[in-house]
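A.B. asks: First the structure, then my questions, so here it is.
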Amino acid sequence: MGRVAYVNGRFVPHGEAVVHIEDRGYQFGDAIYEVWALFDGKLADAEGHFARLERSLGELSIDMPMSRAALTLVLKETVRRNRVRDGMLYLQVSRGVARRDHPFPNPPVRPAVIMTVNATNRAAAEARAAKGVSVVTTPENRWGRCDIKTVNLIPNVLAKQKARAAGAVEAWFVDELGFVTEGGSSNAWIVDGDGRLRTRDTNANILRGVTRSSLLEVIRRDGLEVDERPFTPAEALAAREAFITGAGTLVLPVIAVDGKPVGEGTPGPVATRLRRLYIEQAKASAI
Ligand code: PLP
């Protein structure tokens with residue numbers, strides 16, 4: 001069986017899944033998205049992603065396309081039809097289809113909804129985590145509402161392409177004060193010289209990572225200390241460890257920043273342990 005996508009109320013073969021040319025997501029980036037990691041065909045951190053979805057939609061005055069219960073059913077059915085056990089579930093909601101005009105359509109139109117599923121090779125992901133990844137830094141050049149998970153990702157696309165060209169996996173945006181804000185698709189962390197965890201607070205202009213929030217619970221249960229304070233690339237290089245979090249990367253050790261090693265230049269014990277603990281919790285609580 002091939003891949004299946006959900007498009008505005010219908011399940012269609014992935015290769016035939018299309019949206020209208022006047023979808024406002026396509027023309028204005030007037031859309032938001034969410035991504036769930038899938039473990040054993042179940043949605044990880046479901047509640048956190050639903051809460052952020054509702055918040056993103058609310059900030060843009062787009063209606064929830066259906067109730068949370070109905071959305072959960074459709075998301076799970078999309079996963080089931082794709083027969084994916086480990087992977088990623090993508091949901092995008094745009095303001096809808098309307099004749100091109102910048103202000104909101106009046107009267108309002110129905111939000112447009114698409115869902116896709118991608119399989120992940122968990123063995124390859126674990127091998128990558130065991131080796132660790134590199135990041136590069138790049139000047140922060142995004143708008144002032146990075147807390148809304150919109151599809152306006154061109155700065156992230158360019159930053160991540162810069163990373164790829166340098167043989168790295170992620171790009172860390174650095175603000176005008178010299179602090180790392182977050183990665184192109186992840187939140188950034190270090191374990192400082194005293195063994196204390198540090199990650200930027202979410203009052204800053206960053207996405208409130210759901211994996212970040214779940215990991216904070218894991219960390220507190222584990223008795224580790226966290227300082228929600230930003231760090232500079234120089235502090236990352238002087239740190240014992242660094243890592244990134246996100247639905248795509250889970251908890252992924254960072255071994256180099258801009259080509260220079262972090263700590264020993266190998267995945268550290270804290271990040272390695274937190275990856276294991278996070279995955280255990282995510283699996284146990286997946287729905
Ligand atoms: N920051 C950005 C810019 C992202 O795009 C993402 C995820 O895609 C994250 C952080 C991590 O968020 P989450 O843990 O909810 O996946």
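The values are calculated or read from the model by the stated rules, or taken from the named source; none is laboratory data. What you are looking at is a predicted structure, and each value in this text was computed from that prediction instead of being measured. Because the Cβ atoms are built from the backbone with ideal geometry, glycine has one as well, and the counts that use them run over all protein chains shown. Please note that ligands, DNA and RNA were not included when accessible areas were found on the heavy atoms of the full protein model with its side chains. Shrake-Rupley method; radii C 1.70, N 1.55, O 1.52, S 1.80 Å.
A.B. asks: Under the condition of being within 15 Å of the ligand (Cβ to nearest atom) and part of a loop (DSSP other than H, G, I, E, B), which residue from region 229-255 is farthest from residue 90 (Cα to Cα)?
C.D. replies: Restricting to residues being within 15 Å of the ligand (Cβ to nearest atom) and part of a loop (DSSP other than H, G, I, E, B), the top hit is 230.
A.B. asks: Which one of 117, 210, 136 is among the aliphatic types (A, V, I, L, M), open to solvent by less than 20 Å² (accessible area, probe 1.4 Å) and out of contact with any strand residue (DSSP E or B) (no Cβ under 8 Å at 6 or more places or on another chain)? Let's see the steps before the verdict.
C.D. replies: On the way: 117 fails: out of contact with any strand residue (DSSP E or B) (no Cβ under 8 Å at 6 or more places or on another chain); 136 fails: out of contact with any strand residue (DSSP E or B) (no Cβ under 8 Å at 6 or more places or on another chain).
Checking each option against the conditions leaves just 210.
A.B. asks: If you don't mind, there's one more thing I want to ask. Please report, ordered by residue number, the strands (runs of 3 or more DSSP E) entirely within region 170-219 with at least 3 residues that are assigned by TED's automatic domain parsing to the domain that holds residue 90. Full working, then the answer.
C.D. replies: Working: elements: 170-174, 180-183, 187-191, 197-199.
Answer list for region 170-219: none.
A.B. asks: Picking from 218, 191, which residue would you name as being within 14 Å of the ligand (Cβ to nearest atom) and either among the aromatic types (Phe, Trp, Tyr) or touching a helix residue (DSSP H, G or I) at 6+ places or on another chain (Cβ under 6 Å) (or both)? Step through it out loud before you land on a result.
C.D. replies: On the way: 191 fails: within 14 Å of the ligand (Cβ to nearest atom).
Answer to the selection: 218.
A.B. asks: Considering only residues that are outside any strand (DSSP E or B), closer than 30 Å to residue 176 by Cβ and without any contact (Cβ under 8 Å) to a residue 40 or more places away in the chain, which ones fall in region 104-151? So that I can check it myself, show each step before the final result.
C.D. replies: We begin by selecting, within region 104-151, every residue outside any strand (DSSP E or B); these are 104-111, 120-132, 140-149, 151.
Within this subset, residues satisfying the condition of being closer than 30 Å to residue 176 by Cβ are 132, 140-149, 151.
Within region 104-151, 141, 143 qualify.
A.B. asks: Can you name every residue in region 54-75 that is closer than 19 Å to residue 38 by Cβ and among the hydrophobic types (A, V, I, L, M, F, W, C)?
C.D. replies: Of region 54-75, the ones closer than 19 Å to residue 38 by Cβ are 68, 71-75.
71, 73, 74, 75 - these are the residues of region 54-75 that are closer than 19 Å to residue 38 by Cβ and among the hydrophobic types (A, V, I, L, M, F, W, C).
A.B. asks: May I pose another question? Tell me, which residue of region 167-188 that is open to solvent by 70 Å² or more (accessible area, probe 1.4 Å) and more than 12 Å from the ligand (Cβ to nearest atom) is farthest from residue 222 (Cα to Cα)? Talk me through it step by step, then tell me what you get.
C.D. replies: Filtering region 167-188 for residues open to solvent by 70 Å² or more (accessible area, probe 1.4 Å) gives 176-177, 185.
Narrowing the set further to residues that are more than 12 Å from the ligand (Cβ to nearest atom) leaves 176-177.
On the way: 176: 34, 177: 32 Å.
Looking at residues that are open to solvent by 70 Å² or more (accessible area, probe 1.4 Å) and more than 12 Å from the ligand (Cβ to nearest atom), I get 176.
Results for (1) closer than 24 Å to residue 39 by Cα; (2) surrounded by 24 or more Cβ atoms within 10 Å (Cβ to Cβ); (3) touching a helix residue (DSSP H, G or I) at 6+ places or on another chain (Cβ under 7 Å), shown as yes or no for each residue.
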{"site": "197", "(1), (2), (3)": "no, no, yes"}
{"site": "200", "(1), (2), (3)": "no, no, no"}
{"site": "255", "(1), (2), (3)": "no, no, no"}
{"site": "278", "(1), (2), (3)": "yes, no, yes"}
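A.B. asks: Let me spell it out: the conditions are (1) out of contact with any Lys or Arg (no Cβ under 7 Å at 6 or more places or on another chain); (2) under 30 Å from residue 95 (Cβ atoms), and residue 155 meets all of them except one. Which number is the exception?
C.D. replies: The one condition residue 155 does not meet is (1).
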